[in-house]
Structure formats: C-alpha cells, structure tokens
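Presented below is the structure to which this report refers.
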Amino acid sequence: MAYKIRDQHGMNYLTFTVVDWIDVFTRVEYKNIIIESLKHCQEKKGLKIYAYVLMTNHMHLVVRAADKFPLSDIIRDFKKFTALTLLKQIAINKKESRKEWILPRFELKSKRLSKNEKNQFWQKGNHPIMLYSPDVMWQKIRYIHLNPVRAGIVENAEDYTYSSASNYTEKGGLINVVLMDEF
C-alpha cells in the first residue's frame, strides 16, 4: 500500500530507511552528508524541522513544508541528492572496507525495484503520518528522541549528536529546529 502525504504543507512524521536496513550511517562523513542536506532543504526549500534522529540505517523526522515547495518535492530531491552523494562517497572512500558488498547490494536492489536507476539507496516511500494535534506531535517527538536510547547507543537522548533532542534541552544541536512551543 502506497502512503501519500495528504497535506503538503501540514505537519508530518516521516521515516527514511536504507534498503535492506544496511548500516551505512556508522561513519561520520556519511552522517554529515545527511545533516548538510537537511540544512540545505531548510535554507533553500523552506523545510521546517521540528524533530529528527539519524540512526545507522534509517532516520525519522517531524517536518512541514513552507509555502514555497510541496513536501513531496522536498523529500524527492533530498532522497535523490543524498543517495547519489552517499553512493559516490562510499565508492571513493579508501577507508570503506564494506564497499565490496554494500555497493553490489544497492545495485541488486535497483534491478529488483527500479528500472530507471543504477542503484537503490533508500527504500521507496517514507510512510508519512499526518500530525493533527500537539499531543500526537509530542508523541512522535518523544519516539524520535528515544530511538538512540532504545538502541543502547546513549543513556540520555540529549547526548546523541545526530538528533534534535539536545535542541529541546537548550544545549543546541547540529541543525536548528523549530521547537514545539513555537508550533
């Protein structure tokens, strides 16, 4: 079943997953590509980020699009750019010992899932969930921020660098987010 974003400028909870749940985001340089791409979407496309977490093989976001671009277009461009950039970085990274099995895996997925692409990095779709009230939004924000705690990476959510949890504790973060109280 294909999930669609019903309100292109409404608040949505999204999940982006690497195909086969491959743990790509174990290297800082790959994580930074995602962070810089999110910042670009904020600055150039009007993406409003309320919460995010980047795990080793997926990411969750609470976002909405300003009037400039529909959310679907922002997501499409983000996923396309990051996929191409990450695949190139994996291929040229001399320290990447996993490229011999990772890159063929992305190519194999493409042959099965898409006839137009050489490689398939992200799973198709993003399973959008419309956030229709502050209570539902807070539920998703808590879920996002506790992801690294549940995974055993950190004890306190705000200690995980690649998350907006620290933004909500006034420590600041890698990405400026719109805090829930500004909703």
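Kindly evaluate Tyr143 against the criterion of being among the aromatic types (Phe, Trp, Tyr) and part of a loop (DSSP other than H, G, I, E, B).
Considered against the rule, which asks whether it is among the aromatic types (Phe, Trp, Tyr) and part of a loop (DSSP other than H, G, I, E, B), Tyr143 comes out as no.
For Leu71, are the conditions met, namely being over 18 Å from Phe25 (Cα atoms) and touching a Pro at 6+ places or on another chain (Cβ under 9 Å)?
yes
Considering each residue of the stretch 6-44, count those that are under 23 Å from Gly172 (Cα atoms) and charged (D, E, K, R), and give that number.
7
Quickly run through the stretch 87-99 and pick out the residues that are at pLDDT 95 or above and either outside any loop (DSSP other than H, G, I, E, B) or touching a strand residue (DSSP E or B) at 6+ places or on another chain (Cβ under 6 Å) (or both).
Leu87, Lys88, Gln89, Ile90, Ala91, Ile92
Which is at pLDDT below 95 and surrounded by fewer than 18 Cβ atoms within 10 Å (Cβ to Cβ), of Glu117, Glu155?
On inspection, the qualifying residue turns out to be Glu117.
With the structure loaded, tell me whether Leu47 is closer than 18 Å to Leu174 by Cβ and surrounded by 14 or more Cβ atoms within 10 Å (Cβ to Cβ) or whether it fails that test.
The answer is yes for Leu47.
Can you report the number of residues in the stretch 146-168 which are more than 17 Å from Val62 (Cβ to Cβ) and either touching a residue at least 40 places away in the same chain (Cβ under 8 Å) or in a loop (DSSP other than H, G, I, E, B) (or both)?
Counting residues in the stretch 146-168 that are more than 17 Å from Val62 (Cβ to Cβ) and either touching a residue at least 40 places away in the same chain (Cβ under 8 Å) or in a loop (DSSP other than H, G, I, E, B) (or both) gives 7.
The values are calculated or read from the model by the stated rules, or taken from the named source; none is laboratory data. Not measured: the values here are computed from a predicted model. Backbone-built Cβ (ideal geometry, glycine too); neighbour counts: all protein chains shown.
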